[in-house]
Amino acid sequence: MLDILVAGGGYTGLSVAVSIKKAAPHLNIMVVDGAPDGAWQKDGRASAIAAAASRLLDALGVWSEILPKAQPINSMVITDSRTADPVRPVFLTFDGNVADGEPFAHMVPNPAMVGPLIEMAKSLGVELRYSTTVDGFRSGPGSVNAHLSSGETLAARLLVACDGVKSKLREIAGIKTVNFDYGQSGIVTTVEHERPHGGVAEEHFLPAGPFAILPLPDNRSSLVWTERTHDADRLVASDDLVFEEELERRFGHKLGTLKVVSGRRAFPLGLTLARAFVAERFALAGDAAHGIHPISGQGLNLGFKDVAALAETIVDADRLGLDIGSLAVLERYQSWRRFDTFRMGVTTDVLNRLFSNDITPIRVARDFGLGLVERMPTLKSFFIRQAAGVSSEGNPKLLQGVLP
């Protein structure tokens, strides 16, 4: 019988397996993923890794492999304007360091993160199975029986669902969600530009939604471009000339000529919060537990917080000789993560509603607020430490760079 079966082999699922196996090598852990082996190498996206998450990855022994391919964010600039405005005044700037030599975040191409996690999992003895999904499960007194797409049935003490925001396993477990559709989509692509970005991230608040420019190595930037869903679909389907013209209107010309160097895709944006994170012998982590607006860049980092809390919960219970799949043990994980997730969901929801409009009184009020924060260094420092994930007391050990 397995100790832990993880459904989903992305960075969240792999991090769950590696963090627990590294701290408790005797536990028997398997990860199954529906994608073919090697499909992760074709992922052209990049993710913002907050300082706390990079500490976690360092504790797992993979950050040294990731860092050479990462781009530190040295500073962040926030503007608020209309798309056609010739000048975009800067209302707020953030210095990028939370400590000497430690940026508050790095931009990392997704394959550069997943690859080292896979190699670490293999070296620790975690079994990885690809082209395989958990199609159903039933929890019993001593184990959960998971039915795989291969036709096999596996018994485990705990099933961890990391199968995305539309989690099939969450539905099978009977866990309800709070859902809201923003009527927006996020266009994700990568561009190459003539001049260096200097490690500066920019977020332009435009009436349709935020337009984020996130620096990557080699004079490239990752874009998260929010538009009303019908406009996003039209832009993604348009020819290259139309797409690049609309892109330049929002990106500007200060970095020179732009060239789109990756495919462009649009993802519908909404708020999804699981009403519970656990059931008997079952736990949700990552996007399966929460899907939030990318306005704050915290979606992935919320997943790493789940990883750290779940790993510490399971490892501590195992050391005490407790049943790692029991609801009594898993309640600790739920209480650790549910309020923080709800708070972040509400925060991103409010920010999106506040900034994704062109109502003059609201625009004046929000610009006054941004200008006020710009003039208060202590408050700016508080916000940057919050974004970096290093300010919360009671953080799980992994977010402090220490194995549980």
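Quick one: which residues, 5 or more positions from ALA35 or on another chain, have an amide H under 5 Å from its amide H? H modelled 1.01 Å from N in the peptide plane, none for Pro or chain starts.
Amide H to amide H, under 5 Å and 5 or more residues apart or across chains, ALA35 pairs with SER131, THR132.
Where both partners of a DSSP beta bridge lie in region 20-173, what percent of those bridges are antiparallel, to the nearest 5?
90
Based on DSSP, what percent of beta bridges with both residues in the chain are antiparallel, to the nearest 5?
75
Can you give me the relative contact order of the chain as a percent, contacts being Cα pairs under 8 Å and 6 or more apart?
22
Amide H to amide H, which residues 5 or more places from SER47 or on other chains are under 5 Å from it, using H placed in the peptide plane?
VAL108, ASN110
Which lysines have a Cα less than 24 Å from the Cα of LYS397, not counting those fewer than 8 places away in the same chain?
LYS21, LYS22, LYS122, LYS305
Return TYR333, TYR182 ranked ascending by Cβ neighbour count within 10 Å, so the fewest neighbours appear first.
In increasing order of surrounding Cβ atoms, one gets TYR182, TYR333.
Neighbouring Cβ atoms within 10 Å as the yardstick, rank LEU255, LEU67 fewest first.
Listed from fewest to most nearby Cβ atoms, that is LEU67, LEU255.
Any lysines with Cα under 19 Å of the LYS42 Cα? List them, leaving off those in the same chain fewer than 8 positions away.
Here the lysines satisfying the reach criterion relative to LYS42 are LYS69.
For region 36-93 and region 108-186, write down the distance between their C-alpha centroids in whole Å.
If we compute the Cα centre of each part, the gap is 25 Å.
Can you give the helix-only mean residue ellipticity at 222 nm for the chain, where every DSSP H stretch with n ≥ 4 adds -39500 (n - 2.57) and the sum goes over all residues, rounded to the nearest 500 deg cm²/dmol?
After summing the helix terms and dividing by residue count, I get -11500 deg cm²/dmol.
Order these by the 10 Å Cβ neighbour count, fewest first: LEU403, LEU398, LEU302.
In increasing order of surrounding Cβ atoms, one gets LEU403, LEU302, LEU398.
Any read-out appearing in this document is the output of simple, stated calculations on the displayed coordinates, not a laboratory observation. None of these values were measured; they are calculated from a predicted model. Every residue, glycine as well, gets a Cβ built from its backbone with ideal geometry; the counts of neighbours run over all protein chains shown.
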